[in-house]
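Written below as structure tokens is the structure these notes are about.
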Amino acid sequence: MLFIVRLKIDIINNITKEQIFKVLTDFAYYAEWMPDIADSTILAQEGDIAVAEFFSPELMEEKYQLEFVCSKPDSIIYKQIGIFEETGKPSLGLSGSWEIIDSTEGSGTVIIGEMNFKTNEKKTNLILQRRLDALQQMFSLTTTSTQECNPISALGTQILETMQNEEIIVWIPGYKSIYKKVN
Amino acid sequence: MNVQKYIKINALQEYVLQELRAFDTWPQWWPGVQSLDVIKSENGLSVVDIVFKTLIAINATLEFDLSNENIIKARQIQGWFKTYNCDWELQQAPDGVGTIIKISLTVEIGMLAPKGMIRSQLTQNLNQLETALNKRLQGKMSLSDRKAVSPETAEQKPQPPVRQKGVGDLPIKRKSINIFQTKEGLEIWISGRRYIMK
């Protein structure tokens, strides 16, 4: 059974559709801001079509590949590939879309996200909501701080592993910080 | 049924092609291939007898068309499948490091054949190919090879956004920690996993 989730957010700053489109089509860097994406790699790009591979452990156990069709600056449609499909039967893989439209209430932009996946509605709903929350955080920021620091210890294995990267970005409501490892 | 999958090999295209065209060596490094005998090879066409290693032995005689420099086309002449067609298209990875193989596989199997099992075995076979070929070609992508990517080719491809450079001029890949305030407490996402701090 497919569960279709459709959510939207309003971006009220002077952010253009093109700016939002640029972020949503920067597939290789989804792991830098999408909460559920641990890894993202672009595999192919030709014109308006791109293929990228993601690892989202809360969504799927294995890595998965998505094919994106981008219509600048209004919409991006994606569907999962790398899974066997039967002609004439609906795909059971992940699919969805992003729509970027001008707000009808004065200035601002509306982002509508849709996700369809053969999984429980609650998880798909949560992940899409958090992706939109992350977008909202990103476009509400007025400053970004960059600091050098030593890795923080004793916060759990996951944090320690994440901190082994050269740089990490921490998104907290209201601001974004980039931490660089001191060698 | 059909599948389209992309695999990334950390080696230059020429090395990948060389390895894929050496059909008789496949059983040595590709776990999904039990045995392979080259029957004939001339004028850009090769015919092989292949046994795929799955829960059941799948025998097929495949014809490989190597006339196109960057595409290997395979089709079954006779064998277990009703029809079998597979195209392997090689292209440079968008980040300029390594080779992408775009695999398009279409198969038809008999009515009584276990579709689910065959689907799962063929998928596993393709996954094994990526791991095995990367292992086989380890070391065929030195720093000097990466810098040898031609500037003309780099200009033709859409360039990724400029990011700060790290070691070896490769863009730094960052990880993120996202924190949200929720009714349940602080919701923290690290490496794609969700934690709640109450």
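A few notes on this one:
- Number of the condition not met by residue B:96 [criteria: (1) within 14 Å of chain A (Cβ to nearest Cβ); (2) of a type outside the set (A, V, I, L, M, F, W, C); (3) in a strand (DSSP E or B)]: (3)
- Candidates B:51, B:3, filtered to the one that is among the aliphatic types (A, V, I, L, M), at negative phi and within 14 Å of chain A (Cβ to nearest Cβ): B:3
- Segment B:83-108 residues that are on the phi > 0 side of the Ramachandran plot, paired with ones that are among the polar types (S, T, N, Q) and open to solvent by 50 Å² or more (accessible area, probe 1.4 Å) (beta carbon under 8 Å, 6 or more apart): B:98/B:10
- The sole residue among B:62, B:90, B:105 that is touching a Cys at 6+ places or on another chain (Cβ under 9 Å), within 14 Å of another protein chain (Cβ to nearest Cβ), surrounded by 15 or more Cβ atoms within 10 Å (Cβ to Cβ) and not β-branched (Val, Ile, Thr) is B:105.
- Screening the candidates B:14, B:19 for the property of being charged (D, E, K, R), away from chain A (no Cβ under 14 Å) and touching a residue at least 24 places away in the same chain (Cβ under 8 Å) yields one hit, B:19.
- Hey, residue A:32 within 11 Å of chain B (Cβ to nearest Cβ), open to solvent by 50 Å² or more (accessible area, probe 1.4 Å) and among the acidic types (Asp, Glu) or not: no
- Criterion violated by residue A:136 - all others in (1) closer than 22 Å to residue A:17 by Cα; (2) facing chain B (nearest Cβ under 9 Å); (3) open to solvent by 30 Å² or more (accessible area, probe 1.4 Å) satisfied: (2)
- Residues considered: A:57, A:90. Of these, the only one that is more than 20 Å from residue A:136 (Cβ to Cβ), touching a residue at least 12 places away in the same chain (Cβ under 8 Å), open to solvent by 50 Å² or more (accessible area, probe 1.4 Å) and not in a strand (DSSP E or B) is A:90.
- Residues within segment B:18-43 that are open to solvent by 20 Å² or more (accessible area, probe 1.4 Å) and either of a type outside the set (Asp, Glu) or touching a helix residue (DSSP H, G or I) at 6+ places or on another chain (Cβ under 9 Å) (or both), tallied: 17
- Of all residues in segment A:66-84, exactly one satisfies the criterion of being open to solvent by 50 Å² or more (accessible area, probe 1.4 Å), part of a strand (DSSP E or B) and within 12 Å of chain B (Cβ to nearest Cβ), namely A:79.
The values are calculated or read from the model by the stated rules, or taken from the named source; none is laboratory data. Please read all numbers here as calculations on a predicted model, not as lab measurements. Using ideal geometry, Cβ is built from the backbone for each residue, glycine included, and neighbour counts are taken over all protein chains shown. Note: areas computed on protein heavy atoms with side chains; ligands, DNA, RNA excluded. Shrake-Rupley method; radii C 1.70, N 1.55, O 1.52, S 1.80 Å.
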